[in-house]
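We did not get these values from a lab; they are worked out from the coordinates using the rules stated. No experiment lies behind these values; they were computed from the predicted model shown. A quick note on method: Cβ atoms are made from the backbone with ideal geometry, for glycine too, and the neighbour counts reach across all protein chains shown.
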Amino acid sequence: MIVKLRAPGWYRAGTFVALGIAFAYVLVGIVRTAMHFDNPWSDGDAVTIVSLIAAPLFFLVGLGCFDYWFYWVAGRPTRPDDHSSHGAHSWKDYFRVNTDHKVIGIQYICTSVFFLFVGGLMAMLMRAELAQPGMQFVNSQEFNGLVSVHASLLIFLFVIPIFAGIANFVLPLMIGAPDMAFPRLNALSFWMLPVAGTIMLLSFLAPGGSFATGWTAYAPLSTTMPLGQLFFTIGVQFAGASSIATALNFLVTIITMRAPGMSFFRMPLLVWANFSTSLLVVIATPFIAASQFFVLLDRALGFQFFNAFVGAGKDGSVLMYQHVFWFYSHPAVYIMMLPGFGIVSEVLSVKARKPIFGYRMMAFSLIAIVILGFTVWAHHMFVSGMQSWIRIPMMITTAIIAVPTGIKIFSWLATIWRGVLRVDTPMLFALGFLVTFTCGGISGVMLAMVPFDIHVSDTYFIVAHIHYVLFGGSLFTIFAGLYYWFPKMTGRMYDERLGKLHFWATFIFFNVTFGPMHLIGIQGMPRRVADYAQQWAPYNLAISIASFLLGLSTLVFLYNMVVSWRLGPRAAANPWRALTLEWQVSSPPPIFNFDAVPTVVGGPYEYGIPGAVHGIFQSPAEAKPKPAGSVATSPTTE
Amino acid sequence: MQMVAIGAIASAIGIALSYWIHWFPVDAAKQDKPIDTLYHVLMIVSIPIFVLVTTVILYSVWAFRMRPGQESEDGPPIHGNTRLEVVWTAIPAILLVSLCSYAYGVLTDIEQTHKDELVVKVHAVQFAWSFSYPQAGGARVSSDQLYLPVNRPVRFDIDTQDVIHDFWVPAFRVKIDTVPGIVTHLRVTPTRLGSYPIVCAELCGLGHSVMRSTAHVLTAAAYARWLAREQAPVSAGGAGGGGAAPTQAQLIALGRQTFTGDSGCGACHTLADAGTSGTTGPDLRAIRGQSQAEIRQDIVDPNARIAPGYQANIMPPSFGQTLTAQQLDGLVAYLASVSK
């Protein structure tokens, strides 16, 4: 038993959580005694808040995320080739700190899909409540809580991390690297996620219920809420730290670990997409961390950053919260979309058997979105009461950001034009994405137009828009990517019939659910309400029914994934006849990815050119004299 | 060619449909038409783009899908076409900049200021609206519903006593947040008689979905009559304050008016006598048998005693400041009278 408690793992992690809470209790007690507060040893709120910060850190130490670093710090002999925590030999290896990027990728994906289902169930509960006017199933605290936790989980624990998960698995393989640049940091980034998700879910147990201010947590509402609010404030810090560390890892990996011959313009677009996303994450995510630290200090220690009524000069600035928050949260929309663009580029090119049309423009438009993405945040604040002139430049930049996005859409259309289209599940989701995302993009341009936005902001039109972007956009690409790389990740094939059923059910019920929301939004139904006027009852009933069917369609996906993973037919190394490097190794790939370092000799999408290859598995010295596929060294036609 | 024809027909049908659908609530202000027109223009521009994307996808799937025997075939290795790429960069850019210029025109149009604006102050509190009309000589008329004369430009000066709310009249098409610490403004010229819902559009807490009021657009004459009627009790009350104390019956009547009206007690509390059915706060049957002092404490310091099953910090602690002394006396008298 003692041995188990001393070795890294779940027993030690459990013990450390208890230690963390004890530490928080003692720390709070000592500080409150020193400050001569009443009841220094019995303030539940203070102990909970400090525990929320301390217990997760203790948990991560207990689980073993820091063991190697402590070992190094302690001055013991280091083990440069220590692969003891690398790779998975049984299912149990997925539940410990693992440094293999493929294991971490699958850990990320499974964790995120779990939160997809939790968040989806919350949406089902909300739709049940909204099926009829009046209050039936939940009260308004619970409803606001569901709205908030649904959004927070799906943004911070589904869309953002699952893209990191897919990239974690695929990206090092794609660039011919044996692993990520910092495998231990990678493991730590992953383990912060379940921590963040657990904190957010635990908020339902807090006195006063879960956080209920929406995922935007606008101050001063959020600084005056019951304790549950802080589960969001602190949970987001862990999710944010996780994505910053992962993004740094991706950047270093992409910049320093590409295989010989892989110039930036020979990188697959998924790599470009994750490069751009990581830039966004590294620059923007500290801002949401800041905004939530402000809230934490306001709520827990009375700093009055956002209190415009109390304090020396009554000078708390409510609008500042929104500026800082959206300076992250608008780029976050691109953090949730650019990796999907990458996935769609891979799928469309391979499935249409054609090179990506305008590869360089595709890469440049990603960078353009990164830059423009930082200049549009205040379009979320057109009715916030900020200085009115800010609206005009923000309207123009918001409209202009549709240009690089349009370039991508048109280039994808040109990519499938005259190809030989394999219309299987990943392709269906990629094509479905083009349709729904175009809708979301168009409503985005409409929302950029200030006078129209003044009418529809904070209505169901917004709900429709964000779901067309994040569900019809991100989630469709996620499904496309999961089906596309399923054979590579698991070594098994999924069931194509069930996959197609899943697509059609998702596509149809998605549109029936979210399409009508545009209309009721313009008609005047506000969002985030548990109750609404009688005139919208028929629409809401139809939306609720469609949403339940949409919910059921994900069960087809889950069944397909679980059963195919266990019992599906063995997958070949390269079932899609793709050129990118991840398909040139076995399915699933060997533990260190490549037996010989690949040499990249051409572009990643040279379909239709006889004999073209992207990479070859020879030493660079051998490869150089005979550059196979040299016609393809430049990806664009000059 | 076929595709272009199909696309053109589909776009025409789409645009016709977008006109046929009844998108907006009723037009009740001068601001409505420009915004509605902007929306329809946006639809006319958007639908062909959407149809273009969809048609290309459907046609590709139909014409280029893999037939049996093509399993190992690839498409032609086309890497790009500079002219095409310039076209689909430039045309959207021009289109978007023109739309922005148009939208800017609409914006200046709807936010135009007028010299003879009627100024109405809007106050938000969790979870009720109140409106006051500054009068000559510093007096004010207050109301819990909004009354406006038709065809007269109005400027709303909007503030809040607690968190961010959002003042929105869908029939007027315009909204603005209420921001703690600053006064925000909104301009509207009502053009149609009738009553329209006022909605809080920014999540403001438990009672957000019941934070509603009504805007009444009256003829100039009817508005003047309403104003005169509202001014009357205020001046009577002012005189009473200087002279004899109000009778118990007057106090109770004032309390009932306060409960159902301005301060918005009924939005959160159920009270049979007042005909309110809010569920955010405790049902006021619970105050039966309490002293007037206890009731008064519950109003001015709501966190002092929390009813079982409810949380602290939900009821605004500011009623002690926002209600006049007389309103507070009235409220206490009224609640004591109905809970005997």
Inset, instruction - Write down, largest first, the equivalent ellipsoid semi-axes of the range A:410-496 in whole Å, where each equals the square root of 5 times an eigenvalue of the alpha-carbon gyration tensor. - result: 32, 16, 8
Inset, instruction - State whether the range A:1-152 is rounded, prolate or oblate according to the following rule on the C-alpha gyration tensor (a ≥ b ≥ c being the square roots of its eigenvalues): a/c under 1.5 gives rounded; otherwise a/b larger than b/c gives prolate, and the remaining case gives oblate. - result: oblate
Legend entry - Under 11 Å, Cβ to Cβ, from A:ASN307 - net charge with Lys/Arg +1 and Asp/Glu -1: -1
Inset, instruction - Sum -39500 (n - 2.57) across every DSSP H segment of at least 4 residues in the protein assembly as shown, then divide by the residue count to get the 222 nm mean residue ellipticity, nearest 500. - result: -18500 deg cm²/dmol
Legend entry - Test item: B:84-91 mean partner chain Cβ contacts at 10 Å: 5
Legend entry - Scattering curve values for the range A:294-441, log₁₀ I(q)/I(0), Debye with Cα scatterers, q = 0.08, 0.19 Å⁻¹: -0.35, -1.09
Inset, instruction - Specify the angular offset, from 0 to 90 degrees and rounded to the nearest 10, of the alpha carbon long axis of helix B:2-20 from the longest principal axis of the alpha carbons in chain B. - result: 10 degrees
Legend entry - Radius 10 Å from Cβ of B:PRO76, net charge of other residues (Lys, Arg +1; Asp, Glu -1): +2
Inset, instruction - Could you work out, residue by residue across A:433-443, how many beta carbons of other chains sit within 10 Å of that residue's beta carbon, and then give the average as an integer? - result: 3
Inset, instruction - Within the range A:254-363, report the trypsin sites (Lys or Arg not before Pro) that DSSP leaves as loop and that have at most 14 other Cβ atoms within 10 Å. - result: A:LYS314
Inset, instruction - Looking at chain B, send over the antiparallel percent of its DSSP beta bridges, to the nearest 5. - result: 75 percent
Inset, instruction - Counting only C-alpha contacts under 8 Å and six or more residues apart, can you give the relative contact order of the range B:245-338 as a whole percent? - result: 37 percent
Inset, instruction - Using packing as a proxy for protection, rank A:509-515, B:181-187, B:80-86 so that the peptide with the highest average count of other Cβ atoms within 10 Å comes first. - result: A:509-515, B:181-187, B:80-86
Inset, instruction - Quickly rank A:46-53, A:18-25, B:111-118 as a protection proxy: mean count of other C-beta atoms within 10 Å, highest first. - result: A:46-53, A:18-25, B:111-118
Legend entry - R0 of 51 Å, Cβ-Cβ distance B:ASP273-B:ASP27: FRET efficiency to nearest 0.05: 0.80
Legend entry - Shielding score for A:525-532, defined as the mean number of other chain Cβ atoms within 10 Å: 5
Inset, instruction - Note down the relative contact order for chain B as a percent, whole number, built from C-alpha pairs under 8 angstrom at least six residues apart. - result: 14 percent
Legend entry - Contact order relative to length of chain A, as percent, for alpha carbon pairs under 8 angstrom and 6 or more apart: 14 percent
Legend entry - Binned Cα-Cα distances of the range B:245-338, short to long, each 5 Å bin given as a whole percent: 3, 14, 26, 30, 21, 5, 2, 0
Inset, instruction - Any chance you could check the Cα centroid distance between the range A:561-579 and the range A:228-254 for me, in angstrom? - result: 32 Å
Legend entry - Normalised per residue, the volume of the convex hull around the Cα set of the range A:85-152 (Å³): 98 Å³
Inset, instruction - Using label points projected 7 Å from each Cα along Cα→Cβ, tell me how many nm separate A:PHE95 and B:VAL87, to one decimal. - result: 5.9 nm
Inset, instruction - Quick one: order B:TYR334, B:TYR133, A:TYR539 by neighbouring beta-carbon count within 10 Å, fewest to most. - result: A:TYR539, B:TYR133, B:TYR334
Legend entry - Separation of the B:SER142 and A:PHE37 label points, Cα + 7 Å toward Cβ, nm: 3.7 nm
Legend entry - Tensor-based shape of the range A:93-567 (alpha-carbon gyration tensor, a/c under 1.5 rounded, otherwise prolate or oblate): rounded
Legend entry - Within the range B:25-166, percent of DSSP bridges classed antiparallel, to nearest 5: 55 percent
Inset, instruction - Once you've got the Cα coordinates, tell me which of A:LYS314/B:LYS115; B:LYS115/B:LYS175; B:LYS30/B:LYS121; A:LYS314/B:LYS121; A:LYS408/B:LYS33; A:LYS4/A:LYS102 are over 29 Å apart. - result: A:LYS314/B:LYS115; A:LYS408/B:LYS33
Inset, instruction - Considering the convex hull of the alpha carbon atoms of the range B:118-224, report its projected area averaged over all viewing directions, in nm², one decimal. - result: 6.3 nm²
Inset, instruction - Sort A:SER544, B:SER72, A:SER278 so that the residue with the fewest other Cβ atoms within 10 Å of its own Cβ comes first and the one with the most comes last. - result: B:SER72, A:SER544, A:SER278
Inset, instruction - Please give every one of the lysines within straight-line cross-link reach of A:LYS500, meaning a C-alpha to C-alpha distance under 22 Å, and leave out same-chain neighbours fewer than 8 residues apart. - result: A:LYS351, A:LYS488
Legend entry - Order by protection proxy (mean Cβ within 10 Å, highest first), peptides A:183-194, A:563-574: A:183-194, A:563-574
Inset, instruction - Count neighbours as other Cβ atoms within 10 Å of each site's Cβ, and list the trypsin sites (Lys or Arg not before Pro) in the range B:250-313 that are DSSP loop with at most 12 such neighbours. - result: B:ARG288, B:ARG305
Inset, instruction - Report, to the nearest 10°, how far helix B:32-64 tilts away from the longest principal axis of the Cα atoms in chain B, using its own Cα long axis and a range of 0 to 90°. - result: 40 degrees
Inset, instruction - Quick one: grab the alpha carbon gyration tensor of the protein assembly as shown, order the square roots of its eigenvalues as a ≥ b ≥ c, and give me rounded if a/c is under 1.5, else prolate or oblate depending on whether a/b is larger than b/c. - result: oblate
Inset, instruction - Give the Cα extents of chain B along the principal axes, in whole Å, largest first. - result: 97, 51, 34
Inset, instruction - Kindly express, to the nearest 10 degrees and within the range 0 to 90, the angle between helix B:82-110's C-alpha long axis and the longest C-alpha principal axis of chain B. - result: 30 degrees
